[in-house]
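Colleague: Take this structure, written in structure tokens, and hold onto it; I'll ask about it next.
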Amino acid sequence: MTGVTRSRGFLLVVGSVVVSLVLVGAYLAAGGSSYTTEKVQNPCEPRPWSNPQSLGEIANQFTVSALDGAACKLGVSREALARALATPEERERFKQKYGITDRKLAEAVRAGLVRAVDDAEEAGALSPLIAAPLRETVQRIPLKQAIEFINDAESFLGNVNGFLGPAQNLLEDFLP
Amino acid sequence: MAALALAVGVVLADSSIVVLALPDIYRELNTSVSGVTWVLVSFNLVMALAAVPAALIARRVGPGRATAVGLAVFAGAGLACGLADSLSTLILARCIQALGGAAAVTASLELLPATVGSERRAATVWAAAGATGAALGPAVGGILTELVSWQSIFLLQVPVALVAAVPILAVAKHEQATGIISTELRRTGRPHIWANLALAMVSAAIAAALFLLVLLLIEGWRLSPIEAALVVTAMPLAALLGGKLAEYVAEARPRAAAGAILVSGGLAGLAFLPKATIALTLPPQVLVGIGLALVLSALTETALGGRAPQAIHGGWTISARHAGVVIGLLLLTPIFTHEIDQQRHDAINAGTAVILDSPVNPLLKLDLAEKVSQRLEEEKGKVPTIGPAFEPLPEDPGERSEVQQLQGELQDQLDRGATHAFSTSFILAALLGLIALLPIALSKEVEL
């Protein structure tokens with residue numbers, strides 16, 4: 001075996017190591033180790049409201065807060081609950097999968113609505129004068145209606161004075 | 001020589017040619033992911049078990065006759081594969097195909113020295129034909145699946161195998177007429193343990209590279225079989241370059257070591273893709289392609305070097321290579337199927353979070369969530385295409401732009417999940433390639 005043959009073999013091995021390390025290093029530097037799905041947030045942790053500018057934005061954040069509150073109570077992710085509330089069929093599948101009764105779901109959804117009212121009040125999006133009776137109201141509503149409130153928070157908030165009776169006509173003064 | 005190389009190429013391509021057709025077979029024969037994996041596993045398992053016995057029989061009946069009969073059995077079973085209407089029939093036909101293939105490939109190694117002039121040259125041609133066939137297999141299979149059907153892969157093998165068999169029949173007739181077989185009945189020496197062990201490990205890594213990459217492209221990134229075939233063509237093209245590179249280094253051990261390192265480096269690159277982009281799969285594929293050309297030829301030469309009879313030792317290398325493929329598939333299939341399920345779940349959650357946190361109108365959001373849920377239900381067990389869930393787009397330009405941005409973000413989460421689902425398997429495959437360095441270091445070269 002000649003020295004030239006040996007050195008060519010050595011160079012080939014060293015070259016292979018270098019090329020492999022450069023490739024893997026470049027991919028890692030470009031974010032290869034973190035290119036994965038984003039982890040979903042724990043629903044029990046507070047999710048701060050951004051500064052809402054319209055009824056639509058308030059409704060969006062109200063929905064998210066309500067889902068967080070309900071999911072936290074049920075011990076599931078906000079995302080799984082949101083998909084479950086999209087259709088009655090999904091809801092049934094969800095209840096079976098997690099062994100959740102209608103009553104437990106209703107309690108959780110009401111708790112979610114209460115959290116949403118709390119968050120809205122804390123963010124200054126809802127006046128305490130409206131928030132207090134609203135909180136009372138959502139704690140008593142039936143499950144179907146509670147789910148509708150979460151899914152269509154904009155209409156709910158738009159018509160909130162209709163539910164509150166005594167607070168009628170005050171809403172526009174307190175919603176931005 | 002061309003007929004013998006064609007025979008070796010077509011048989012060894014068969015161990016990987018169906019890779020791109022697996023999703024179609026999976027859907028058409030209504031089976032499971034692990035069930036369809038057996039279309040690959042069965043062929044490789046029977047090849048691994050039958051290669052050495054087939055070589056022994058070939059030495060008894062004559063290599064010409066064994067090659068011709070092997071190719072005929074391979075062609076007949078290929079026809080049965082193409083006509084199979086159930087998974088069990090297909091798997092049975094694949095097993096018979098492997099029996100014929102094992103006889104043809106090992107016996108052809110006994111015929112090659114007479115046509116190419118030396119045993120060393122014969123080993124090189126034989127190994128190169130096998131490596132080319134294995135590397136080209138997925139691309140050819142993908143193109144046929146898309147343009148014609150998965151059945152056409154097997155049906156096309158029939159005329160190819162018969163064309164290769166015709167010139168070999170002359171050798172078989174000569175053997176029959178004279179009663180002389182072309183090899184002397186020398187005592188069979190022990191197989192080269194370390195070289196064959198390294199071959200098994202490297203083959204497991206290479207099989208994983210091909211199988212996982214194809215699944216990532218088709219099932220993860222939703223490419224069509226022909227698009228995936230074009231993408232994985234990078235590997236055989238790079239293998240040609242690797243073959244040229246091998247000519248400059250005479251020593252087998254450094255070639256084998258460099259090849260194993262490059263295969264592992266390429267696989268590690270695929271494990272850490274920073275984005276779901278085809279272009280980023282090309283550099284790792286080039287490394288795997290060059291690596292496989294270097295390592296397979298070097299280890300095959302080492303395993304055959306100075307050993308007689310060639311057919312038996314060739315049988316051992318075939319056995320090692322296909323056993324490696326089986327080990328790779330059986331080891332990694334449960335891991336990546338579990339990872340795909342997990343990543344699909346994570347991607348769906350991340351996608352739902354994107355929808356919930358988007359500024360899109362809540363009613364539209366609800367509608368989208370419902371449609372996305374329907375897509376998930378329709379494409380159960382797979383990474384879904386979410387495009388149809390966003391159609392028709394809203395007419396309001398502002399809302400349309402928000403929805404399009406949302407669609408992009410959701411698709412990004414699905415791409416991330418699909419890509420990451422294969423990372424663990426690619427890393428394990430890379431480790432198999434690196435572990436092969438140990439037997440390579442222990443393998444002693446034999447001067448030919």
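Quick note: the coordinates plus some simple rules give every number you see, no bench work behind them. Computed from a predicted structure; not experimentally measured. All Cβ positions, glycine included, derive from the backbone under ideal geometry; neighbour counts span all protein chains shown.
Colleague: Along each principal axis of its Cα atoms, how long is segment B:1-180 end to end? Whole angstroms, biggest number first, please.
Modeller: For segment B:1-180, the Cα extents along the three principal axes come out at 51, 25, 25 Å.
Colleague: Over all alpha-carbon pairs of segment B:294-376, lay out the pair-distance distribution in 10 Å bins, whole %, shortest bin first.
Modeller: 15, 24, 15, 13, 12, 13, 8, 2
Colleague: Another question, then. Over all distinct alpha-carbon pairs, what is the Kirkwood Rh of chain B in angstrom?
Modeller: By the Kirkwood definition, the hydrodynamic radius is 22.7 Å.
Colleague: Here is a further query. Given the pairs A:39/B:365; A:97/B:275; A:144/B:275, which span a C-alpha to C-alpha distance of over 32 angstrom in this model?
Modeller: Pairs exceeding the cut-off: A:97/B:275; A:144/B:275.
Colleague: So for the protein assembly as shown, Kirkwood radius off the Cα pairs, Stokes-Einstein at 10 °C and 1.306 mPa s: how many µm² s⁻¹?
Modeller: For these conditions, the coefficient is 58 µm²/s.
Colleague: How tilted is helix B:87-116 with respect to the longest principal axis of chain B? Cα atoms for both, answer in degrees (0 to 90, nearest 10).
Modeller: Once rounded, the angle reads 40 degrees.
Colleague: Could you tell me the calculated FRET efficiency between residue B:441 and residue A:21, based on Cβ-Cβ distance and R0 = 25 angstrom, to the nearest 0.05?
Modeller: With R0 = 25 Å, the Cβ-Cβ based efficiency is 0.80.
Colleague: Mind pulling the angle between the C-alpha long axis of helix B:2-13 and the longest principal axis of chain B? Nearest 10 degrees, somewhere in 0 to 90.
Modeller: The angle comes out at about 40 degrees.
Colleague: Projecting each Cα onto the charge dipole of the protein assembly as shown (Lys/Arg +1, Asp/Glu -1 at the beta carbon, about the Cα centre), which of B:267, B:11, B:193 comes out farthest on the positive side?
Modeller: B:193
Colleague: Turning to a different aspect of this structure: Size of the dipole of the protein assembly as shown about the Cα centre, Lys and Arg at +1 and Asp and Glu at -1 on the beta carbon, nothing else charged, in debye to 20?
Modeller: So the dipole magnitude of the protein assembly as shown works out to roughly 3360 debye.
Colleague: Could you estimate the translational diffusion coefficient of segment B:192-247 from the Stokes-Einstein equation, with Rh from the Kirkwood formula over C-alpha pairs, at 25 °C and 0.890 mPa s, in whole µm²/s?
Modeller: 190
Colleague: Counting only GluC sites (Glu not before Pro) that sit in a DSSP loop (anything but H, G, I, E, B) with at most 15 other Cβ atoms within 10 Å, what is the longest stretch of chain B containing none of them?
Modeller: With GluC sites (Glu not before Pro) excluded where exposed in loops, chain B gives B:1-183 as its longest stretch.
Colleague: Also, quick follow-up: Working from Cα positions, state the angle (0 to 90°, nearest 10) between the long axis of helix B:423-435 and the longest principal axis of chain B.
Modeller: Tilt relative to chain B: about 20 degrees.
Colleague: Compute the signed sum of charges (Lys and Arg +1, Asp and Glu -1) over the other residues within less than 12 Å, Cβ to Cβ, of residue B:105.
Modeller: -1
Colleague: Report the net charge of residues surrounding residue B:399, where surrounding means a beta-carbon distance below 13 angstrom and charges are Lys +1, Arg +1, Asp -1, Glu -1.
Modeller: -2
Colleague: Give the value in nm², to one decimal: projected area of the alpha carbon convex hull of segment A:29-156, averaged over all directions.
Modeller: One quarter of the hull surface, i.e. the mean projection, equals 9.5 nm².
Colleague: Shifting gears a bit: If you take the charge dipole of segment B:190-448 about its Cα centre, with +1 on Lys and Arg Cβ and -1 on Asp and Glu Cβ, which of B:221, B:314, B:408 is farthest toward its positive end?
Modeller: Sorting the options by dipole projection puts first B:314.
Colleague: In addition: Please flag any cysteine in the protein assembly as shown that has no other cysteine's Cβ under 4.7 angstrom from its own Cβ.
Modeller: Cysteines of the protein assembly as shown left without a disulfide-compatible partner: B:81, B:95.
Colleague: Evaluate the charge dipole of chain B about its Cα centre and quote only its size in Debye, nearest 20, assuming +1 on the Cβ of each Lys and Arg and -1 on the Cβ of each Asp and Glu.
Modeller: 2260
Colleague: For segment B:1-100, I need the span (max minus min coordinate) of the C-alpha atoms along each principal axis, in Å, sorted largest to smallest.
Modeller: Projected onto the principal axes, the Cα atoms of segment B:1-100 cover 43, 25, 19 Å.
Colleague: Follow-up question, since we're still on this one. Going out from 0 in 5 Å bins, what whole percent of all Cα-Cα distances in segment B:190-448 drops into each bin?
Modeller: 1, 7, 12, 15, 14, 12, 9, 8, 6, 5, 4, 3, 2, 1, 1, 0
Colleague: Rounded to the nearest 500, what is the 222 nm mean residue ellipticity of chain B from helices alone, with -39500 (n - 2.57) per DSSP H run of 4+ residues and division by all residues?
Modeller: For chain B, the value works out to -27500 deg cm²/dmol.
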